[in-house]
Structure formats: C-alpha cells, structure tokens
Amino acid sequence: MSEIIKTTEIAKKYIMGSETIHALKTVSITINKGEYVAFMGPSGSGKSTLMNLIGCLDTPSSGQYILNDQDVSDLTENELAEIRNKEIGFVFQTFNLLPRASSLENVALPLVYAGYSKSDREAKAYAVLEGVGLGDRAYHKPNELSGGQRQRVAIARALVNDPSIILADEPTGNLDSKTSYSIMGLFEKLHAEGNTIVMVTHEDDISRYAHRIVRLRDGIVESDEKNKEIITAEFT
C-alpha cells in the first residue's frame, strides 16, 4: 500500500511567557492510502495538535511531515492553504457552514478557490450532495436542516475537491446517538469507496468504527493497533 501520511519525530511546542508547553513530543506515524484511522486520547493528550499538523493548519516545531510524497514541514501560510484546499477535506464538530448560503453553495465553496466555473461547481456539488443522500435538500439553508443533515452537508463539502484525506474532528460531538450512528455509517460507506479517513475523537464507542486506533497521552503515541472489534453502522 502507498503511504499518504508519514511523520518522523514531529513535535510541537508553544512558548507562553517564560513557560514552554510541549503539546506534542516526537510522534512518528505512517498512514497508508485507504486506511480508516482514529486518533484517541483525553483532553491535553496531543490528538488535536497532531490533527492540526496533519491537516496543514500548523507546522511542526521540529521533525518532518511528508504528505502524498511532498515535504510540508516548512511551508509558508499560503503554501499550506493551497495544500489544504487540494489535499484535505475537513469535517468539524460544529459543521462550520455559512448560515445564509444553501447546501449547494456551502458544498461548492472549495471549488470557488479551485477555479471551477459556476456551472461546473454546481454540477459537482449537487452530485456529491446526492451521494450523501441530500439531493432533495440542495437549496435549503443550514437553519432549515437537522443536525445530522448539516453534518452531511459538511461531509459533502469535504468530499467535493476529491481530497487525498478526509480529516474529521469529533464529527459526532454535537449529534444525538441515532444521528451519530447514521453519520458513522456514511463514513463507513466513504471508506468502502476507497477514501482515506482520519478521525479525532475522545469517545471510545466512536473510535471503534475505525479500523486502526492510535492512542495518545501526554504528547506521545501510547499505542497504535488494529481495531479487532470494528463496529459497523448503516448509512440511512
């Protein structure tokens, strides 16, 4: 299998006045194309810092990060933004949708930056909305949708650029159990279609949908194991 993510002893420290905070203390991991991985750990374990580095939202203080054969450890803000738009589809706990825009407009947004024409943007965005079961909600605004539907719009937006990785940060954090189950079913469907998924969660039951679980504690990898008890969910 081909490597899509490879970190070599990446670390992240923050200087707060006279104090140095080591948010991440040398982490080396490899994720292959098509894997479904969960980063687990309590608050302060370093999982969000690791996600920010892998998502090119931040750069490591030391170490090397290779994303899709490109060293992204020392890129400028503009270069990182370009990589993010091209390579990574983000799904956040809070959905991050534009309130006055329709589902279609929200999903098409990354294609604006990628330089697609309006008609191509709309066609591609509509096709992805259909794929997540929301073709009939294309012209609804976020306040006209349920929490689960809003998260599906956010997932469609993450998919629209055909990214190398889908990065999901606590994707069910604001959803009830039944809706969470459906969203995890959608991730399962996306994984079965060949997408690489990296999910950050502090919930044990949600991590068990992933096929591999990386546990972090105090800024280091505590364990990295295949999930022997994968939970499956239906996408409805």
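Every read-out reported here was derived from the displayed coordinates using simple, explicitly stated rules and does not represent laboratory data. The model shown is predicted, which means the values in this text are computed figures rather than measured ones. No Cβ is skipped: glycine too gets one built from the backbone with ideal geometry, and neighbour counts run over all protein chains shown.
For region 151-236, GluC sites (Glu not before Pro) meeting the loop criterion (DSSP other than H, G, I, E, B) and having at most 13 other Cβ atoms within 10 Å: GLU193, GLU203, GLU229, GLU234. As I understand it, the value is the acute angle between the Cα axis of helix 118-131 and the longest principal axis of the Cα atoms of the chain; what does it come to in degrees, rounded to 10? With both axes taken from Cα atoms, the answer is about 80 degrees. Other residues whose C-beta falls under 13 angstrom from the C-beta of ASN52 contribute a net charge of +1, scoring Lys and Arg +1 and Asp and Glu -1. Computed over region 101-236, relative contact order equals 21 percent, with contacts defined as Cα pairs under 8 Å that lie 6+ residues apart. In degrees, nearest 10, range 0 to 90: what is the angle between the Cα axis of helix 103-113 and the longest Cα principal axis of the chain? Helix 103-113 sits at roughly 60 degrees to that axis. Here the dipole of region 130-236 is about 200 debye; that uses its Cα centre as origin and unit charges on the Cβ of Lys and Arg (positive) and Asp and Glu (negative). Once C-alpha pairs closer than 8 Å and six or more residues apart are averaged by separation and normalised to the residue number of the chain, the relative contact order reads 27 percent. In the elastic network of the chain, a GNM with C-alpha springs shorter than 10 Å, the most mobile of THR30, THR172, THR59 is THR30. Report, in degrees rounded to the nearest 10, the 0 to 90 angle that the Cα long axis of helix 77-87 makes with the longest principal axis of the chain. Taking Cα atoms only, the helix is inclined about 60 degrees.
Sparse packing (at most 14 other Cβ atoms within 10 Å of the Cβ) combined with a DSSP loop state is found for the following trypsin sites (Lys or Arg not before Pro) in region 41-116: ARG100.
Candidates THR8, VAL72, SER48 compared by Cα position along the dipole of the chain: farthest toward the positive end lies SER48, with charges placed on Cβ. If I model region 173-236 as equal point scatterers sitting on the Cα atoms and use the Debye formula, what is log10 I(q)/I(0) at q = 0.19, 0.26 Å⁻¹? Each listed q corresponds, in turn, to -0.76, -1.23. Springs between alpha-carbon pairs under 10 angstrom, Gaussian network model over the chain: which of ILE54, ILE21, ILE155 fluctuates most? Maximum among the listed residues: ILE21.
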